[in-house]
1. Multiply the residue separation of Asp35 and Arg89 by 0.36 nm, subtract the distance between their alpha-carbon atoms, and state the gained length in nm to one decimal.
2. Could you give the spread of the C-alpha atoms of region 29-96 along their three principal axes, from largest to smallest, in whole angstroms?
3. Could you please rank Lys36, Lys67, placing first whichever residue has the fewest other Cβ atoms within 10 Å of its Cβ?
Amino acid sequence: MRRARLLWPSSARKDLPDRGKLAAFRELNEYRLTDKGRALFPVYTALMQRGNEWTDLPAPSVELLHKPCGHRTTARVVCAECGEDLDARDTEPVVGRGLVMGGRAARS
């Protein structure tokens with residue numbers, strides 16, 4: 001439970017008490033991600049893939065299973081407009097509309 005609290009702040013997860021057999025022996029919790037937590041999925045997969053690529057293991061230690069098709073896969077970062085793969089070399093940060101529109105007021 002401590003690890004989940006460190007990795008996923010309370011605003012990104014919902015703690016649910018475990019109702020299983022082991023709950024009588026120790027306190028167990030099931031975690032369900034909130035919308036804010038699910039929004040971290042791209043970050044999680046990027047870190048997972050980085051770990052898989054930069055370890056000395058002969059094969060990935062963790063893989064993603066795409067449940068609808070049943071295949072093991074990797075996540076890709078693609079342009080939402082044209083579908084091309086994104087790479088750090090062919091992107092650059094620019095001032096966003098939220099900053100131009102006045103910050104806080106633009107978020108509501």
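1. Here the segment from Asp35 to Arg89 would lengthen by 16.4 nm.
2. For region 29-96, the Cα extents along the three principal axes come out at 41, 34, 24 Å.
3. In increasing order of surrounding Cβ atoms, one gets Lys67, Lys36.
Each value in this text was obtained by applying a stated rule to the coordinates, not by laboratory testing. The shown structure was predicted, so the numbers you read here are calculated from the model rather than taken from an experiment. No Cβ is skipped: glycine too gets one built from the backbone with ideal geometry, and neighbour counts run over all protein chains shown.
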